[in-house]
Amino acid sequence: MDILLVGAGLSGAVIARELAEAGHRCTVIDGRPHVAGNCHTERDPATGVMVHVYGPHIFHTADAGVWDYVNRHMTFRPYRHQVRTTVGDRVYSMPINLLTINQFFGTAMRPDEAAAFIKAKAEPIADPQSFEEQALAFVGREIYEAFFKGYTEKQWGTSPQNLPASILKRLPLRFSYDDNYFAHPFQGMPERGYTEMVESILDHPGIDVHVSTVFQPEMASRYGHVFWSGPLDGWFGYDLGRLGYRTLDFERFEGQGDWQGCAVMNYGDADMPFTRITEHKHFAPWEEHGDSVLYREFSRACGAEDIPYYPIRLVEEKALLGDYVSRADGEEGVTFVGRLGTYRYLDMDVTIREALDTAGAFLAAQKAGTAMSAVVKAPL
């Protein structure tokens with residue numbers, strides 16, 4: 001079968017490779033002038049630094065199969081992600097751990113003492129519904145207002161009272177000095193960048209790649225099936241309205257030597273307009289560079305011409321999402337995949353796992369002579 005995959009990010013690349021290896025002819029298109037989507041990396045010609053063009057992407061997973069898969073296409077070097085945050089005129093360790101607690105309160109508590117101390121600070125909210133309630137029940141008001149309130153308002157453009165508790169539940173609280181941002185057993189960075197890894201995945205005689213190629217609706221009729229990793233609402237021409245996203249603006253600047261001493265420095269104060277500064281050479285600690293490339297990162301509402309990054313998924317968006325999902329379920333000849341296609345925040349490893357599973361479901365449907373589902377992983 002001739003198959004069209006719209007989007008040359010991880011979803012499109014992995015599905016194309018699996019189907020091409022099974023004998024299908026795959027055409028992959030992308031409106032941008034490169035593959036790899038938002039995890040696109042490129043070598044800065046002036047400094048030699050490998051730059052994460054659309055912001056940092058850290059690979060971490062507990063899925064051994066996915067870890068093996070990416071390492072077949074690129075050598076992954078050890079990388080331990082550590083984050084710091086500036087609040088007021090002091091720098092703290094993140095995520096919240098024993099050092100953060102002792103720094104913030106000017107104490108020297110042991111783990112058991114700190115656990116009891118934070119428990120006493122936590123507010124008795126039995127069933128937290130909002131981000132704010134979850135934080136208050138989690139760490140108490142002082143830590144919440146210092147480390148989470150201002151940063152979250154900048155990141156999401158709304159009060160933490162309007163955000164679901166689930167956003168905070170992803171963040172750890174540790175009563176040890178472990179400041180490893182992720183706890184997954186497999187963590188690393190691709191030695192020569194994500195774009196070269198995705199190029200390797202797409203390197204198959206059964207795959208034809210066209211970048212700088214915008215999807216046109218009439219293209220679908222030329223193929224036996226379409227895998228759509230663009231915005232779910234975009235498939236329908238946004239005719240019910242646009243789903244809400246946050247987008248990012250980057251203010252690039254260069255420095256000499258080690259400019260900030262870490263890969264990511266968050267800024268928790270609400271009056272600091274950017275959320276964080278990323279220093280890209282720290283994402284490849286095995287390399288040495290005299291100069292440095294840095295991004296100041298600003299979050300704002302996503303407009304029609306902007307790159308969508310984070311689905312908002314608040315009450316209004318979920319209602320609209322339900323309408324689009326109902327329409328998607330009735331579509332034939334197309335499967336919606338990936339972060340945009342299913343309107344979900346997905347880490348890279350989950351994106352790859354779902355792409356592998358989607359390709360497997362398609363091949364199974366072909367073998368059984370049944371129709372392929374429009375949505376393999378339900379957005380709701």
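Only a single criterion out of (1) in contact with a Ser or Thr (Cβ under 6 Å, 6 or more places away or on another chain); (2) in the same structural domain as residue 227 (by TED's automatic domain parsing) is not satisfied by residue 93, namely (2).
Considering only helices (runs of 4 or more DSSP H) fully contained in the stretch 292-380, which possess at least 2 residues that are surrounded by fewer than 17 Cβ atoms within 10 Å (Cβ to Cβ) and on the phi < 0 side of the Ramachandran plot?
In the stretch 292-380, the matching helices (runs of 4 or more DSSP H) lie at 315-329, 348-368.
Report yes if some residue within the stretch 292-305 is over 20 Å from the mean Cα position of the chain (by Cα) and under 30 Å from residue 92 (Cβ atoms); otherwise report no. Yes, the stretch 292-305 has at least one match. The one condition from (1) assigned by TED's automatic domain parsing to the domain that holds residue 346; (2) in a loop (DSSP other than H, G, I, E, B); (3) among the charged types (D, E, K, R) that residue 196 does not meet is (2). The residue that is farthest from the chain's Cα centre (by Cα), among those in the stretch 38-82 that are among the small types (Gly, Ala, Ser) and more than 20 Å from residue 352 (Cβ to Cβ), is 46.
Within the stretch 7-23, residues that are surrounded by fewer than 24 Cβ atoms within 10 Å (Cβ to Cβ) sit with their Cβ atoms under 8 Å from residues that are of a type outside the set (Gly, Ala, Ser) and at pLDDT 95 or above, at 6+ positions apart or across chains, in these pairs: 18/356; 18/363; 20/26; 20/204; 20/205; 20/207; 21/204; 22/363.
Here residue 53 meets each of (1) surrounded by fewer than 16 Cβ atoms within 10 Å (Cβ to Cβ); (2) free of Cβ contacts under 8 Å to residues at least 24 places away in the same chain with one exception, condition (1). Scanning the stretch 340-376 for residues that are touching a residue at least 40 places away in the same chain (Cβ under 8 Å) and among the basic types (Lys, Arg) yields one hit, 353.
May I ask you to verify whether residue 176 is more than 19 Å from residue 90 (Cβ to Cβ), assigned to a helix (DSSP H, G or I) and among the hydroxyl-bearing types (Ser, Thr, Tyr)?
On the way: more than 19 Å from residue 90 (Cβ to Cβ): yes; assigned to a helix (DSSP H, G or I): no; among the hydroxyl-bearing types (Ser, Thr, Tyr): yes.
Criteria not met by residue 176.
Residues in the stretch 94-109 that are among the hydroxyl-bearing types (Ser, Thr, Tyr) and buried (at least 19 other Cβ atoms within 10 Å of the Cβ): 100 only. Quick check: is even one residue across the stretch 142-154 of a type in the set (Gly, Ala, Ser) and farther than 18 Å from residue 271 by Cβ? Checked the stretch 142-154: no residue is of a type in the set (Gly, Ala, Ser) and farther than 18 Å from residue 271 by Cβ.
Anything in the stretch 119-166 that is in a loop (DSSP other than H, G, I, E, B) and surrounded by 14 or more Cβ atoms within 10 Å (Cβ to Cβ)? List them, or say none. Residues satisfying the conditions are 122, 123, 125, 128, 140, 157, 158, 163, 165.
Conditions: (1) surrounded by 15 or more Cβ atoms within 10 Å (Cβ to Cβ); (2) on the phi > 0 side of the Ramachandran plot. Residue 282 meets all but one. Number of the miss? Checking residue 282 against (1) surrounded by 15 or more Cβ atoms within 10 Å (Cβ to Cβ); (2) on the phi > 0 side of the Ramachandran plot, the one that fails is (2). When 276, 339 are checked against the criterion of being closer than 28 Å to residue 44 by Cα, assigned by TED's automatic domain parsing to the domain that holds residue 44 and out of contact with any helix residue (DSSP H, G or I) (no Cβ under 6 Å at 6 or more places or on another chain), 339 stands alone in meeting it.
The values are calculated or read from the model by the stated rules, or taken from the named source; none is laboratory data. Keep in mind that this is a model prediction, so the values were computed, not measured. When we count neighbours, we look across all protein chains shown, and the Cβ atoms used for this are built from the backbone with ideal geometry, even at glycine.
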